[in-house]
Amino acid sequence: MSKIILSINAGSSSVKISIYNVEKDQSLKELAETQIDGLTSPPQKLKYTRAGKTICKDKEVDKKISSQKDTVEYLLDELVNDAELKELSNKEDIDIACHRVVHGGSYNTPKLITKETYHHLEALTELAPLHNGPALEIVRFCVSFLPSTRNIAVFDSQFHQTIPEHISTYPISPAVAKKNSLRKYGFHGISYSFITRSVAGFLGKNVGETNLIVLHLGSGASACAIRDGKSWDTSMGLTPLAGLPGATRSGSVDPSLVFHYAANVGKLSPSSTDSLHISRAEEILNKEAGWKSLTGTANFGEIAASDEPKMKLAFDIFVDRICGFLGSYYVSLGGKVDALVFAGGIGEKSEKLRSRVTEQAGCLGFEIDAKLNGKNIEDVVQNVGKKGARHQTLVCQTDEQFEMASSCAVDDGLF
């Protein structure tokens, strides 16, 4: 018996929804994909493909959208009202809605959203108020809007449950850390899971024998060391703020910096609500930092294309921080690296960034082929490295929606 699976992927600057038709343990068939970009840098633009055919691309959204929940509602209307999408004639046709939830705490598998799991995720909102809060708002909307649909949470943190204790532990009081669940969790795990399987297949290796350094670079950016097919280390930590800078995130800074930045950082932000508590410190470092604070734009494409000093500075900072993690993970993996992999919106689109990072990391044996690097990235995994280099350099077009739907389709309890 076939089912219709809806994959909802709400990121920091975009929301993507994919619709799949699938039978138990069979490969997924994508029926349609729709997304809105530009939530942090208007104008917001709509993309829509049906059965692999582009229906619209970069169409400006003609309705005011002020939240990720609003975006999901808009996209669902587009899908349900598409007369050509025969398999989805009404919302009751959707059997499963899987949601990308950033912070799953100690969960290492997807979970059916019940009252119990919902309240557990609600409690975790204190660890990721800027991420789990909007995700749970979308879950609440879907439970109401799609009452006959099973809602399933797939967690960005679950892939990183394999990180060893000496890497996940912070050097603070163990009693306080345990009581408050303070440790490195890591995020972008749905993407890293897809990339690991896809690259292993491309290399003709078993997943369990594959070692990679993966760079998921977008408005939210992170790096991950994959050892024997599992997460060994990643740049994000207790929350997605740690590690690389992003469009509006500072990334890792001196922990004392924020106290010198403003006097009221320990107080709640005026944008806090009764159910969502955000300190000014969290708001400053997550929403008022990153390359937008340096340049005035959240669009990295504009930054990479400009010779303005402030743009060049932002670009150089990003390259420097990326290479810092690349070098660290190379040592941590003992030099046993099958490939360096670029992914995410920036990783897939910016040949200049790939070139600069690989050039900087040339001493480790990574080399880029300018001709291959200049080609459009069309395959799921595409080689951009120089022939004969010590290690391969690849680009992977990650697909978090596919990974989420796949994890539901192969799980008897969820399917």
Expected output is a single nm value to one decimal: the length gained when fully extending between Met1 and Glu60, i.e. 0.36 nm times separation in residues minus the C-alpha distance. What is it? 17.4 nm
Can you tell me what percent of all Cα-Cα pairs in the range 1-122 are more than 24 Å apart? 33
Could you give the distance between the Cα centres of the range 92-167 and the range 174-226, to the whole Å? 18
Residue-level accessible surface for Leu268, protein heavy atoms, 1.4 Å, Å²: 110
Quick one: accessible surface of Val80, probe radius 1.4 Å, all protein chains present, in square angstrom to the nearest 10. 30
Taking the range 280-415 as the region of interest, what is the percent of Cα-Cα pairs per 5 angstrom bin, listed from the shortest bin to the one with the maximum distance? 2, 9, 16, 17, 17, 15, 12, 8, 4, 1, 0, 0
Taking 0.36 nm per residue of sequence separation and subtracting the Cα-Cα distance, how much length would be gained by fully extending the chain between Asn21 and Val176, in nm to one decimal? 51.2 nm
Between the alpha carbon centres of the range 55-88 and the range 269-329 the gap in Å comes to 29
Counting DSSP beta bridges in the chain, what percent are antiparallel, to the nearest 5? 70
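Scale the Cα Rg of the range 174-246 by the rule-of-thumb value 2.2 N^0.38 Å and send over the ratio, two decimals. Working shown, then result.
Values: Rg = 13.9 Å, N = 73, 2.2 N^0.38 = 11.2 Å.
Relative to the rule-of-thumb radius for its length, the range 174-246 sits at 1.23.
Could you order peptides 380-392, 46-58 by the average number of other Cβ atoms within 10 Å of their residues, highest first?
Values: 380-392: 17.0, 46-58: 13.8.
The densest-packed peptide leads the list: 380-392, 46-58.
Can you give me the Rg/Rh ratio for the range 346-415, using Cα atoms for both radii and the Kirkwood formula for Rh? Don't skip to the end; give the middle numbers.
Values: Rg = 15.9 Å, Rh = 13.7 Å.
Rg/Rh: 1.17.
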Show which lysines lie in cross-link reach of Lys310 when reach means a straight Cα distance below 16 angstrom and same-chain residues fewer than eight apart are skipped. Lys292
Taking the alpha-carbon distance from Lys29 and a cut-off under 24 Å, which lysines remain once sequence neighbours fewer than 8 residues away in the same chain are dropped? Lys3, Lys16, Lys47, Lys53, Lys57, Lys86, Lys91, Lys111
Once Rh for the range 244-359 is found with the Kirkwood sum over Cα pairs, what is the Stokes-Einstein diffusion coefficient at 4 °C and 1.567 mPa s, in µm²/s? 81
Please report, in debye to the nearest 20, how large the charge dipole of the range 1-121 is about its Cα centre when each Lys and Arg carries +1 at its beta carbon and each Asp and Glu carries -1 there. 260
Expressed as a percent, the accessible surface of the chain that is carbon or sulfur, using a 1.4 Å probe and the full set of protein chains, is 50
Could you give the accessible area per residue of the chain, probe 1.4 Å, as a whole number in Å²? 46
Within the range 75-102, what residues put their amide N at less than 18 Å from the label point 7 Å along the Cα-to-Cβ vector of Lys53? 79-89
Where the centre of each part is set by its Cα atoms, how far does the range 240-268 sit from the range 367-396, in angstrom? 35
Which lysines, on any chain, are close to Lys336 with Cα under 22 Å apart, when same-chain ones fewer than 8 places away are left out? Lys205, Lys230, Lys386, Lys387
Given that just one value was derived from the coordinates, which of (1) 26, 61, 13, 0; (2) 20, 31, 27, 20, 3, 0; (3) 25, 55, 19, 1 is P(r) over Cα pairs in 20 Å bins from 0, in percent? (1)
Assigning unit charges at the beta carbon (Lys, Arg +1; Asp, Glu -1) and nothing else, what dipole magnitude in debye, to the nearest 20, does the chain show about its Cα centre? 700
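The values are calculated or read from the model by the stated rules, or taken from the named source; none is laboratory data. As the structure is a computational prediction, the values presented were derived from the model and not from experiment. Backbone-built Cβ (ideal geometry, glycine too); neighbour counts: all protein chains shown. Remember, those area values only see protein heavy atoms, side chains included, never the ligands or the DNA or RNA. Shrake-Rupley method; radii C 1.70, N 1.55, O 1.52, S 1.80 Å.
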